[in-house]
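Here's the structure, in structure tokens; my notes come after.
The values are calculated or read from the model by the stated rules, or taken from the named source; none is laboratory data. Values in this document were obtained by computation on a predicted structure and should not be read as measured data. Note: ideal-geometry Cβ built from the backbone for every residue, glycine included; neighbour counts use all protein chains shown.
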Amino acid sequence: MALTAYRASVARYVWDLSDRTKSRWGVPFGADGRPGRVHFDDQHATWADARTTAVVTDWERLRPADTSLRLLNGARGAEVWRRDFGDHGVVTAHVLDPDADADLLHGWFTRPRAAFWGMGEHTRDEVRDTYAFVDSLETHHAYLVRWDDEPVVLVQAYHPEHDPIGTAYDVRPGDLGLHFFLGSRGPVARHGAPEDPWTVLGPAMREFLFAGPGTRRLVGEPDAHNEKALRRMQVMGFTAGEVVSFESPQGPKVARMAYLER
């Protein structure tokens, strides 16, 4: 629904005089009064739901920051990150190639355990078209993580302020959202690596996602009922946050937020 007014008088402020960090506020649009700017209407959904956001007084967080370089860019299939884990092999991240990688992804998504990903009924061409669309976006990228050249994880990273999740939580400058799908356990036996592949892949994904200098915080949004995914994120260092609900591309979603500071 398009906004038809640029000014409104109903603002909400709750000041805690004993601890200012507990103060809350909410305005009908956002902190920037200029239409078209990123902070012009970023509080509107929160205000419309009669909710508030925290009043930030930490000067380090209030300073302008260059958060433009959060996603690693490259040609389709290009390697954009690499880490040598010594005896446990080499992990690399590559820009997903929707054409070359469609067969691999379709094979992963049609396995019974992949039902949570929501693409089990997609044909190979529909999978390709989906990720071709992602490839066309500046704010959403997909990557294929390889372990000793073996494809193991699909990672989707995105700017939350340009995604439906941005209406459900207080987005900070420098936030980078993520989804990941474990398609293969990788060469765990070949290198004598720990039985759990996340012992290697967890640190690898943390370093890869923080490789963009503009990224200050990683933000996950696993399904609130997917306890296995939440436990995995906590093992990776994430802190479980609030339960939120929003309209995802697949329909209504109830998620448990998870955060990891740089």
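What to note about this one:
- Which listed residue is of a type in the set (Phe, Trp, Tyr), touching a helix residue (DSSP H, G or I) at 6+ places or on another chain (Cβ under 9 Å) and over 13 Å from residue 70 (Cα atoms), from 169, 259, 158: 169
- Every residue from region 230-262 that is among the aromatic types (Phe, Trp, Tyr) and not in a strand (DSSP E or B): 238
- Any hit, region 74-91, residues being within 20 Å of residue 220 (Cα to Cα) and either assigned by TED's automatic domain parsing to the domain that holds residue 171 or surrounded by fewer than 16 Cβ atoms within 10 Å (Cβ to Cβ) (or both): no
- Of the candidates 146, 128, 83, 70, the single residue that is in a loop (DSSP other than H, G, I, E, B) and of a type in the set (D, E, K, R) is 70.
Conditions (1) farther than 24 Å from residue 95 by Cα; (2) outside the structural domain of residue 147 (by TED's automatic domain parsing); (3) buried (at least 17 other Cβ atoms within 10 Å of the Cβ); (4) touching a Phe, Trp or Tyr at 6+ places or on another chain (Cβ under 7 Å), marked per residue:
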site: 208; (1), (2), (3), (4): no, no, yes, yes
site: 239; (1), (2), (3), (4): yes, no, no, yes
site: 243; (1), (2), (3), (4): yes, no, no, no
site: 247; (1), (2), (3), (4): yes, no, no, no
site: 257; (1), (2), (3), (4): yes, no, yes, yes
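- Residue ID - farthest from residue 69 (Cα to Cα), chosen from residues in region 110-152 that are touching a residue at least 40 places away in the same chain (Cβ under 8 Å) and of a type in the set (Phe, Trp, Tyr): 116
- Scope region 221-262; condition of a type in the set (Asp, Glu) and either in contact (Cβ under 8 Å) with a residue 60 or more places away in the chain or more than 24 Å from residue 210 (Cα to Cα) (or both); matching residues: 223, 227, 242, 247
- Under the condition of being at pLDDT 80 or above and exposed (fewer than 10 other Cβ atoms within 10 Å of the Cβ), the residues counted in region 7-23 number 3.
- Restricting 45, 75 to residues that are out of contact with any Gly (no Cβ under 7 Å at 6 or more places or on another chain) and at pLDDT below 80 narrows the list to 45.
- Every residue from region 153-163 that is outside any strand (DSSP E or B) and without any contact (Cβ under 8 Å) to a residue 40 or more places away in the chain: 162, 163
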